[in-house]
Each structure stands twice: as C-alpha cells, then as structure tokens.
Amino acid sequence: MKRLCVVLSLLLTVTGCFSSKSLEKSAVELCRHIPDTDNLKESQNYLAEDYYSSLQEMLALDDFTPVLHQWEFWFTAADGSAVSKNECIVKEIVPIDDTHAKAVVLVQPSDSDYKAEEHTLMMERTDGKWLLADYDDTRAATLRYIDNYRKEKEVIDVISEYLVKEIGANYLQGDICIPVIMTVASEEDDPSHARIWGDFWVDWYTQSADTLKTVSGGNHSGCISLEKNDGKLTVTGFEQTADGADNLPSAKRIFGTHYDVFHNIHSNQDVRDACRKLAVQNYCKKNGISARYYQDYGWPAIDMSQ
C-alpha cells in the first residue's frame, strides 16, 4: 500500500507539472518565435540550446543558401512573418515526461487559397521555461545536412590539395593556385573507398592590386579514387582523359554512363565560368585575400562582386 501511494504521488507530481492551459499558452508563444534565416538570433532565448546550436551551425556553412520556399517548408511560421499572419491554433498537447511535451498546432497561411497546415512542436522545459526543442523534425534534417556537408567538404578539400600539389606542380607557378572542381558523379564502393568523376581545372595566379592575374592553368577531367585509412582520406589514383584525338574515346571510357553529364558540363562555357568565379570567390574569402577581379591574359577582368 505504501509503495502504491508513492507511485500515485509521483504520477500526480508529474501530471501537476503540465497545466493544459499553461502548455497551450507556451506553445502559442513558441510559435511566434519559430526561427528563420533572418531572426534566428532573436529566437535564441526561445530555443533549446542544442536545437539552436545546430541551426546556427547550418546557417553558417559556406554553401547554405536557402532558396525560395525551402526555409518556409521547414519553418511555416505563425509569428507574423510572410508565411502566416494568423495566430496558430493548438489542436493537441501531449505530455511526454516532466520536462518534455509535444504540441500539434494548426497554422492558416496568409493566402486564403491554401488550407490550414498542421505542424508539430517538441517542447522542452529548462530552468522553469518551455523552449522549442524541434519543429516538424527539422533538427534531424539539420543534423543530416551538417553531416553531409562535412563529408562533402572533406572530399573537396582532399581533392583540392591533390590538384594543387600533384597537378599544379607541373605548371608555371604564381603566388596562388586555385582548383575548380565540378563534380559529375560519385560512387562509394564501401565506407573506405569512393570514386569521384569530375571536370577539374587548375589555375595559378599572381596578385596585382585588387586583381588576380592568371599565370598558367589547364583542364584535367577524369576519375579520382579515394581511400580512407585510420580516419584519413587520401587520393589513391587519378585516371585522366587523354589529349588530342584520344580525348573523346578516353572520356567515354572513363565516364561511362556519366559521359553525357560530363559533356554537358564540360562543353558549357557559362557553367565553367560560374564555377570558376565561385571557386575564386570562396578561396579569397577563406584566405583573406582582398581581390575583386581575376583576369586571363588578353581578356577583360572578371568582377567577382557581381
């Protein structure tokens, strides 16, 4: 009997932590502070620490550029933003334990042509205050995005280093060597072995005032083999397309079923120019180089700020 009383007392204590009215009020308040790319910092005091830090890391990644509706898909806000100017309606509150609860809310988009949307808030109680711990499983999506970014960055960094040291060493050298990597396809044979097909370029520059002037460079398309040993990723092979009359047959052999994609990239000057411009921009930003232009000999300078 004594043991039963203790259990009942605990249950009552836990249940007492959750007033339906107070939880609904907290859920509505949290809906007003669902973050987006513009107000993440302002939302910090309403987000659980690990949720905020993961979103903050993702937004700081070099290549994270939310396209139209992408962020709205993740964060369909009921906070007076462009997505919805309507107050959310709390459909259901589900207590999980004494510090966690789930709220199902209904949001009516500002555009009346669209139906009201149902969303899920995970709430976490910290220091007596309810915080937003997740929204429509966006934390899991954020962590996947970060993990994929880290893996892709590791591959790009290793290939870049290889192109500079092994391929760039064969050119007339300047002050700066910047590779351009246009990935065509990738295949992972197993967790330790992978192959990357790509259109790769290597360019050496010297800096003159605010302009990087091309010294030398060239194209090296083909398939790069990668291997990871003891946690370290390295390039173990590079099969390149041949020059001259052998170029086309070697490209078809090396790229195989990926040849059409390769050809579409390699033959498109606009794509190559855009990728090169972005590569030079990122290199300058990463290395603190104050250059606004890059210029090939005999050609107009390219303004990287445009």
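Here are some notes:
- Separation of the K151 and E187 label points, Cα + 7 Å toward Cβ, nm: 1.7
- Here K285 is the anchor, and the lysines within straight C-alpha reach of less than 19 Å, apart from those fewer than 8 places off in the same chain, are K153, K213, K277.
- Estimated distance in nm for a label pair at D127 and S305, the labels positioned 7 Å out from Cα along Cα-to-Cβ: 4.3
- Projecting the Cα atoms of Y51, N170, P249 onto the charge dipole of the chain, computed from C-beta unit charges around the Cα centre, puts Y51 farthest toward the positive end.
- Take the Cα of L278, step 7 Å toward its Cβ, do the same at A169, and the gap between the two points is 3.0 nm.
- For region 192-213, backbone nitrogen atoms closer than 20 Å to the point 7 Å from S225 Cα along Cα-to-C-beta are found at 192-200.
- Listed residues L248, L131, L226, most fluctuating in the chain (Gaussian network, C-alpha, under 10 Å): L248
- Where (1) 147; (2) 187; (3) 219 are the candidate values, the label of the one calculated here for volume of the Cα convex hull per residue in Å³ is (3).
- Paramagnetic reach from F64 in region 135-165 [backbone N under 17 Å; point 7 Å along Cα→Cβ]: 135-154
- Local electrostatic count at D189 - Lys and Arg +1, Asp and Glu -1, tallied over other residues with Cβ under 10 Å: -3
- Distance between region 240-292 and region 154-194 - C-alpha centres, whole angstrom: 12
- Full-stretch length increase - V104, D210 - with 0.36 nm per residue and alpha-carbon distance subtracted: 32.7 nm
- Relative contact order of region 150-303, defined on C-alpha pairs under 8 angstrom at six or more residues apart (%): 21
- Helix-only CD estimate at 222 nm, as mean residue ellipticity for the chain, using -39500 (n - 2.57) per DSSP H run (n ≥ 4): -11000 deg cm²/dmol
- Dipole-positive endmost among M304, A194, A101 within the chain (Cβ charges, Cα centre): A101
- Kyte-Doolittle mean at least -1.0, axial Cα span of 15 Å or more - DSSP H helices of the chain: 2-16, 20-31, 49-60, 138-162
- Charge-dipole axis of the chain as Lys and Arg at +1 and Asp and Glu at -1 on Cβ define it, positive-most pick from L61, M122, Y259: M122
Taken together, the values in this text are just the output of simple stated rules run on the coordinates, not laboratory data. Note that the structure is predicted; figures quoted are calculated from it, not measured. We place every Cβ from the backbone using ideal geometry, glycine too, and count neighbours over all the protein chains shown.
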